[in-house]
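Comments concern the structure below.
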Amino acid sequence: QVQLVESGGGLVQAGGSLRLSCAASGRTFSNYAMGWFHQAPGKGREFVAAISGGGRPTDYADSVRGRFTISRDNAKNTVYLQMNSLKPEDTGVYYCAARYFIGSSYSRDYAYWGQGTQVTVSS
């Protein structure tokens, strides 16, 4: 089992920045690829970014490439999502997820999920 706890969400104006964190426990963190997913109000979870266990490679959704950066600190068992130039359409709940060994952009491929953290971007 892998337990995941997200933090760092909040209310920010358009153009602002937030950094989300996801703390993991339970298994060898570096064995797991990590992903971030976004669920807008009334919609399904959509892929945002993923990172392999060693930190490379990374992958991003087209909608966030160049604005968001995923990173991890295996010594701290934590993955981060730095979100810059935020837009109102970035509003929603952000979830981190863990998948053994290989990352994916499909939510169905991830076995472990956090409870989510709310991000609200005002215009």
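The values are calculated or read from the model by the stated rules, or taken from the named source; none is laboratory data. As the structure is a computational prediction, the values presented were derived from the model and not from experiment. Glycine gets a Cβ as well: all are built from the backbone with ideal geometry, and neighbour counts include every protein chain shown. All accessible areas refer to the heavy atoms of the entire protein, side chains included, with ligands and DNA or RNA removed. Shrake-Rupley method; radii C 1.70, N 1.55, O 1.52, S 1.80 Å.
Restricting attention to region 46-68, report how many residues are under 15 Å from Gly116 (Cβ atoms) and not hydrophobic (A, V, I, L, M, F, W, C).
1
Is there any pair linking a residue in region 1-13 that is closer than 9 Å to Val119 by Cβ to one that is of a type outside the set (A, V, I, L, M) and open to solvent by less than 30 Å² (accessible area, probe 1.4 Å), with Cβ under 8 Å and at least six apart or on different chains, and which?
Gly8/Ser21; Gly8/Thr117; Gly9/Tyr94; Gly9/Thr117
Just one of the numbered conditions (1) farther than 21 Å from Val5 by Cβ; (2) more than 13 Å from the chain's Cα centre (by Cα); (3) not in a loop (DSSP other than H, G, I, E, B) is not true of Asp59; which one?
(2)
Going residue by residue through region 26-45, is there one that turns out to be open to solvent by 50 Å² or more (accessible area, probe 1.4 Å), closer than 12 Å to Val119 by Cα and within 14 Å of the chain's Cα centre (by Cα)?
Yes, region 26-45 contains at least one residue that is open to solvent by 50 Å² or more (accessible area, probe 1.4 Å), closer than 12 Å to Val119 by Cα and within 14 Å of the chain's Cα centre (by Cα).
Run Phe101 past the list (1) open to solvent by 70 Å² or more (accessible area, probe 1.4 Å); (2) modelled with pLDDT of 95 or more; (3) under 28 Å from Gln1 (Cβ atoms) and report the number of the one that doesn't hold.
For Phe101, the failing item is (2).
Okay, residues lined up against (1) touching a residue at least 12 places away in the same chain (Cβ under 8 Å); (2) outside any strand (DSSP E or B):
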site	(1), (2)
Thr69	yes, no
Ala75	no, yes
Leu81	yes, no
Glu89	yes, yes
Val93	yes, no
Ala97	yes, no
Ser104	yes, yes
Val119	yes, no
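Kindly indicate the residue of region 1-28 that is β-branched (Val, Ile, Thr) and outside any strand (DSSP E or B) and also nearest to Val64 (Cα to Cα) among those meeting that condition.
Going through region 1-28, the residues β-branched (Val, Ile, Thr) turn out to be 2, 5, 12, 28.
Still in the list and also outside any strand (DSSP E or B): 2, 28.
Numbers: Val2: 27, Thr28: 29 Å.
That would be Val2.
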